[in-house]
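Here the structure is laid out as structure tokens; the discussion comes afterwards.
The values are calculated or read from the model by the stated rules, or taken from the named source; none is laboratory data. Because the structure is a prediction, the values reported are computed rather than measured. FYI the Cβ positions are ideal-geometry reconstructions off the backbone, even for glycines, and counts take in every protein chain you see. Please note that ligands, DNA and RNA were not included when accessible areas were found on the heavy atoms of the full protein model with its side chains. Shrake-Rupley method; radii C 1.70, N 1.55, O 1.52, S 1.80 Å.
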Amino acid sequence: FRYVDPNMHEIAYFCLPGLMSLLRWTTRFVYEMFEFYEEALGTRFPYSGFRAVFVHEAYTEMTSYASMCVLSNSLLHTSAIIDQTYITRRFCALAVAEQFYSCFISIQHTSDEWLARGISNYLCGLYLKKFFGTSEYRHWIHTVR
């Protein structure tokens, strides 16, 4: 099923049937990430749209591609599960941050990947620090590998 973000019509989400209510609750904040990154970088989102696809049994929790990311169904949650909100927002924030630099930095070799990943993780950290506070940011810094 397809769900278009009511705050930013350039963002669309896809999920399996029966998970639409979870999808709406889980993705209600993603437009804020776009606004934060656009303000922090002083530039618009480089693509005409963004698609997030939630799939069952994904290889990893989040995989980012040009103008699209694939996320695991395990990131979808209800309002009753408070702890999952932090985890899901971290993955979504990283996915959106990777979108901003995937078209600006071309990777010639696998050894060049650290630059795009490093900048994306830094931007993600700025978002986490602003919206979750310094303690959550420091916890994320110590747990990221």
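Which one of F29, F14 is touching a Lys or Arg at 6+ places or on another chain (Cβ under 8 Å), open to solvent by 40 Å² or more (accessible area, probe 1.4 Å) and of a type outside the set (K, R)?
Result: F14 is the single residue among F29, F14 that is touching a Lys or Arg at 6+ places or on another chain (Cβ under 8 Å), open to solvent by 40 Å² or more (accessible area, probe 1.4 Å) and of a type outside the set (K, R).
Which ones in region 75-107 are without any contact (Cβ under 8 Å) to a residue 24 or more places away in the chain and in a loop (DSSP other than H, G, I, E, B)?
A80, I81, I105, S106, I107
Go through region 54-71 and give me each residue that's among the aliphatic types (A, V, I, L, M), more than 11 Å from the chain's Cα centre (by Cα) and surrounded by 13 or more Cβ atoms within 10 Å (Cβ to Cβ). Reasoning before the result, please.
Pass one, region 54-71, residues among the aliphatic types (A, V, I, L, M): 55, 58, 62, 66, 68, 70-71.
Subset that is more than 11 Å from the chain's Cα centre (by Cα): 55, 58, 66.
Correct list: V55, A58.
Considering only residues that are assigned to a helix (DSSP H, G or I) and either open to solvent by 30 Å² or more (accessible area, probe 1.4 Å) or within 16 Å of I11 (Cβ to Cβ) (or both), which ones fall in region 108-125?
T110, S111, D112, E113, W114, L115, R117, G118, I119, N121, Y122
Do we have any residue at all in region 121-140 that's closer than 19 Å to A52 by Cβ, small (G, A, S) and under 13 Å from the mean Cα position of the chain (by Cα)?
Among the residues of region 121-140, not one is closer than 19 Å to A52 by Cβ, small (G, A, S) and under 13 Å from the mean Cα position of the chain (by Cα), which makes the answer no.
Which pairs have Cβ atoms under 7 Å, sit 6 or more apart or on different chains, and link a residue in region 1-26 that is in contact (Cβ under 8 Å) with a residue 24 or more places away in the chain and closer than 19 Å to R44 by Cα to one that is in a helix (DSSP H, G or I) and open to solvent by 10 Å² or more (accessible area, probe 1.4 Å)?
D5/Y31; N7/Y31; M8/Y31; I11/Y31
Which of the residues belonging to region 32-42 are open to solvent by less than 40 Å² (accessible area, probe 1.4 Å) and over 15 Å from L75 (Cβ atoms)?
Step one: filter region 32-42 for residues open to solvent by less than 40 Å² (accessible area, probe 1.4 Å), giving 33-34, 36-38.
Hits for region 32-42 are F34, F36, Y37, E38.
If the Cβ limit is 9 Å and pairs must be 6+ apart or interchain, which residue in region 108-125 that is within 14 Å of F36 (Cβ to Cβ) pairs with which residue that is basic (K, R)?
What qualifies is C124/R90.
Give all pairs with beta carbons closer than 7 Å in which a residue from region 42-57 that is assigned to a loop (DSSP other than H, G, I, E, B) meets a residue that is open to solvent by 70 Å² or more (accessible area, probe 1.4 Å); count only pairs at least 6 apart in sequence or on separate chains.
S48/E10; G49/E10; H56/L16
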